[in-house]
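Worksheet: one structure, shown below.
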Amino acid sequence: MHKTIVCNAENHDNSMNIFLKLKNWQVFLIWILGVIQLAFFIKSDFWFISFGIYFGLFSLWIYSIGKVLNKNNPELIKRMNIWWILYSISLIPLAINYRDSIMRTYDRIDTWIIILTICIGFIAIAKITIYSAKTIKRAELGREYETADLVSEIFLIYFFIIGIWILQPRLNKIMAEK
């Protein structure tokens, strides 16, 4: 039983490593395919899975930076997991509301619930992004960093479309050194 749990944890870490070992154009292509499948399936019965795939591709890249490069820091990974769960849960009402607006139904969720989930989701993805930006800086510099050093990494992670072209080669180099 213990061996199975350890094996599953190792497989999970290996799958997270894949995101950091891909080239920037490969991650971009995966994201573009996610956008295409979301547009294609949003009006189908598979819309919720499609929405999850799209946001999963984006946020798993950010999450994998912090998780893989901090694998020796279980306390940080535990905090990241909590924020990841909060972020994932916050997307559910947003996904339902988005689909309702696309389908032009009027069964929308109350505005206060949407505002609350937006706030929770924003805080959660901000925390994950900051953890990941700190991880990149720590891995590159090999020492502690100044808070001002994180601004560019946070910006590049948030603006994924641009950031992937700049950060992914740096992540490839960090992973090659490990």
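The values are calculated or read from the model by the stated rules, or taken from the named source; none is laboratory data. These numbers come from a predicted model, not from an experiment. We place every Cβ from the backbone using ideal geometry, glycine too, and count neighbours over all the protein chains shown.
When residue 141 is tested against the conditions (1) under 28 Å from residue 23 (Cα atoms); (2) surrounded by 14 or more Cβ atoms within 10 Å (Cβ to Cβ); (3) free of Cβ contacts under 8 Å to residues at least 40 places away in the same chain; (4) aliphatic (A, V, I, L, M), the lone failure is (2). For the range 38-56, a residue qualifies if it is surrounded by fewer than 17 Cβ atoms within 10 Å (Cβ to Cβ) and more than 15 Å from the chain's Cα centre (by Cα), and the qualifying residues are 39, 40, 43, 44, 45, 46, 48, 49. Set side by side, the residues 101, 90, 59, 64 differ, and just one is on the phi < 0 side of the Ramachandran plot, surrounded by 19 or more Cβ atoms within 10 Å (Cβ to Cβ) and either of a type in the set (A, V, I, L, M) or modelled with pLDDT under 85 (or both), which is 59. Just so you know, in the range 144-170 the residues that are among the acidic types (Asp, Glu) and part of a helix (DSSP H, G or I) include one that is surrounded by the most Cβ atoms within 10 Å (Cβ to Cβ), and it is 153. Filtering 135, 129 for residues that are in a helix (DSSP H, G or I), closer than 12 Å to residue 62 by Cβ and under 13 Å from the mean Cα position of the chain (by Cα) leaves a single hit, 129.
Filtering the range 144-178 to residues that are small (Gly, Ala, Ser) and under 18 Å from residue 28 (Cβ atoms) leaves only 163.
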